[in-house]
Every structure is written in structure tokens, then in C-alpha cells.
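Here is the structure we will look at.
The values are calculated or read from the model by the stated rules, or taken from the named source; none is laboratory data. Model, not experiment: these values are computed from the prediction. Don't worry about glycine lacking a Cβ; one is built from the backbone with ideal geometry, like all the others, and counts go over all protein chains shown. These area figures cover heavy atoms from the full protein model, side chains too; ligands, DNA and RNA do not enter into them. Shrake-Rupley method; radii C 1.70, N 1.55, O 1.52, S 1.80 Å.
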Amino acid sequence: MPQKRYIVALSCEERETLESLTTTGKTSVYKLNHARILLKADINQEGGGWRDQDISDALDIRVSTIERVRQRFVAQSLEAALGRQTPSRTKPRLLDGEQEAHLIALACAETPEGQGKWSVRLLADQLVELGYVESISHETVRQTLKKTNSNPGCRNAG
């Protein structure tokens with residue numbers, strides 16, 4: 001069996017904080033679960049820390065979650081281990097606020113002659129033609145309109 005890389009060794013103060021968190025007050029379920037994980041994984045308790053699989057079985061939490069909570073506690077802090085992990089990757093926005101505004105305004109404007117309503121492909125082509133963007137996919141237009149819910153009074157976009 002491989003040696004654990006992230007060993008949880010709680011101080012007396014940390015243990016007291018976690019025990020009071022799990023027994024009193026109102027807090028979110030994920031924070032309670034993370035506190036329970038740390039309490040059970042603590043090597044300073046009588047009998048030593050529990051194995052990840054035993055914690056998983058007792059708390060009905062995935063082993064991968066237990067490993068991540070351990071890692072954040074050791075590498076960062078108790079607060080980091082109790083909190084939610086912020087996404088490390090975020091996709092950059094493809095349209096800035098001004099370009100988004102132009103897209104919505106265009107979607108609510110009169111459709112080109114011969115068109116019954118705006119299609120996302122037509123909107124994408126028109127944004128490029130008017131010089132608001134160098135290039136844009138119809139899928140970006142669709143997702144942007146979906147995200148902004150367009151203007152409910154606007155009936156031309158579709």
C-alpha cells in the first residue's frame with residue numbers, strides 16, 4: 001500500500017474548531033463533510049487517522065474528495081480545506097460587454113430583407129460584416145444570446 005502523501009495532523013485548536021463546527025451552529029453540508037473528513041483523517045487522534053476508504057464508507061463520500069480535502073489542508077490551510085475549491089480554469093470571454101450589447105441590439109433590430117427572423121449564423125456574419133468582431137462562430141452567438149436571455153420584448157432573434 002502506498003504511503004500517504006498528505007498527512008493530516010490537527011493541532012488541539014484546529015480539532016476543537018472542527019468539533020464545534022460539526023456539533024453546533026448552522027453551516028453548509030460540504031463544510032460539515034470536510035470537517036468530518038479532517039477529524040477522521042487526523043493522525044493525532046487516539047488510534048491514529050482513518051484510511052481514506054474507511055472514511056469514504058463511513059461518510060458516504062468519494063475517496064477522491066477525501067484526498068483533495070487532505071491535500072488542501074496540508075498544502076494551504078484549514079480554511080482552504082473547509083471551503084469550496086475555486087475553479088482553476090476559466091474560459092476567457094469571447095465577447096466583451098460592448099460586443100455583447102451590439103449583438104443583442106442587432107438581434108432585436110429589423111431583419112435583413114428577405115429574412116423572416118435572425119438566425120445565429122446570420123447574426124454571426126452580420127457582426128463580422130459590421131466590424132464588431134474579426135470572427136465569431138454561430139455557436140458563440142447562440143450561447144451568448146442564451147446566457148443573456150436576449151431581450152424578452154425582442155421577437156426577431158431565434
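Here the helices (runs of 4 or more DSSP H) wholly within region 59-148 that include at least 1 residues being open to solvent by 80 Å² or more (accessible area, probe 1.4 Å), at negative phi and touching a residue at least 40 places away in the same chain (Cβ under 8 Å) are 63-75.
Taking every residue in region 42-56 that is under 13 Å from I7 (Cβ atoms) and touching a residue at least 12 places away in the same chain (Cβ under 8 Å) and pairing it with any residue that is open to solvent by 20 Å² or more (accessible area, probe 1.4 Å) and hydroxyl-bearing (S, T, Y), at least 6 positions away or on another chain, the pairs with Cβ-Cβ distances below 9 Å are N44/S11.
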